[in-house]
Amino acid sequence: MFKKKKGLILSLTVASSILLATGCSSSTSGSDSGKGKDGDLPAVGATIYKFDDNFMSYVRRAMDTAAKGKVNLMLNDSQNDQSKQIEQVDTLIAKGAKSLAINLVDPKAAQTIIDKAKPKSIPVIFFNKEPDASVLKGYDKAYYVGTTSSESGVLQGELIAKAWEANKDKYDKNKDGKIQYVLLKGEPGHPDAEARTKFAISTVKEKGIDVEELAMDTGMWDATKATEKMDAWLAKYNDKIEFVIANNDGMALGAIASLEKAGYFTGDKFMPVVGVDAIPEALEMIEKGKMVGSVLNDAKNQGKATIDLAANAAKSKDVLDGTEWKLDDSKAVRVPYIIVTKDNIQVGRDAYK
Ligand code: GAL
Ligand code: CA
């Protein structure tokens, strides 16, 4: 199931590269005037840091759905290349984008994007990778749509602590009362990766549970990289590992693939694994008992909020006009996270419908 999905995402990436190569990156049809063909829809220029990212593929789908009949969405795959993304922004502006929705490759590149948009007074809605607050402050037409990164870490920590307390007999293999864990972090410097690592562990400790880190690796949000890491960790630590903490579901699924190869999840051989995102492939694993739980990262609402704000901005309206979203002090819309286990799995299903 997961493999199939990846194949699909890969072929979409190829298709979009072809579109890019022919100069048409629009997911509806763009024109140089910046107007859509159906009823003069305002043009919104958008970039996703890479289409081949499990979670972002769902955000992208939500953006496409929300854009239908509302804006002419010109959506680009930045292929994990910041300089490519900057060129795409130049092209989008040249094509007449009335607002920009940007999922940065490198969170530190926000100022470079603003420097291109600000002289032309083009509003910028950053999403998913949060820029520094000071950068957003420097341009009155810059906003952020995402989450409160620390919240996902705290919830992940609560999920780990609860599962540990309920299953200590089974999970604490060496009976020392401590969790010997390995951690797959995600992209270094990414606010979500940093905050999840910090707050997941601090929350577990605050609950009075001792921990010992056996190993940590970036894994770069990527399933294949996570499988390779987990293979190596199992070879090195084997039975010493008592918990796998993955900062997203893509990496949790990759770790599970490795664990399955090593004979886990059959008979008595078990390993608790947690993730973040609650994407459908992870919900399946939770259902099967191969994953303890995840933390819902609401792709649908983040995609929708991004388009709602970008559409209003493109029409020179107040970004919140006619929407249910709220901005906090740092001009950010923050969609809440929710713990998802087998008990409330429907919450995850509904969010990814
Ligand atoms: C996170 C998400 C990850 C990955 C990342 C990309 O919010 O949990 O799975 O998609 O964003 O920036
Ligand atoms: Ca232990």
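Here are a few things to note about the model shown:
- Condition met for Ala117 (part of a helix (DSSP H, G or I), assigned by TED's automatic domain parsing to the domain that holds Asp329 and more than 24 Å from Tyr58 (Cα to Cα)): yes
- Yes/no for Gly322 being of a type in the set (Gly, Ala, Ser) and either buried (at least 21 other Cβ atoms within 10 Å of the Cβ) or closer than 23 Å to Met251 by Cβ (or both): no
- Residues in segment 136-187 that are within 25 Å of the chain's Cα centre (by Cα), over 30 Å from Val333 (Cα atoms) and assigned to a strand (DSSP E or B): 2 in all.
- In the condition set (1) under 28 Å from Asp132 (Cα atoms); (2) touching a helix residue (DSSP H, G or I) at 6+ places or on another chain (Cβ under 8 Å), Phe243 is compliant with all but (1).
- Members of segment 207-223 that are more than 14 Å from ligand 1 (Cβ to nearest atom) and not in a strand (DSSP E or B): Lys207, Gly208, Ile209
- In the set Ala226, Ala235, Ala200, only one residue is of a type in the set (A, V, I, L, M), modelled with pLDDT of 95 or more and more than 16 Å from ligand 1 (Cβ to nearest atom); that residue is Ala235.
The values are calculated or read from the model by the stated rules, or taken from the named source; none is laboratory data. Fair warning: this is a prediction, and the values are worked out from it, not measured in the lab. Counting neighbours? That spans all protein chains shown, and the Cβs are built from the backbone with ideal geometry, glycine included.
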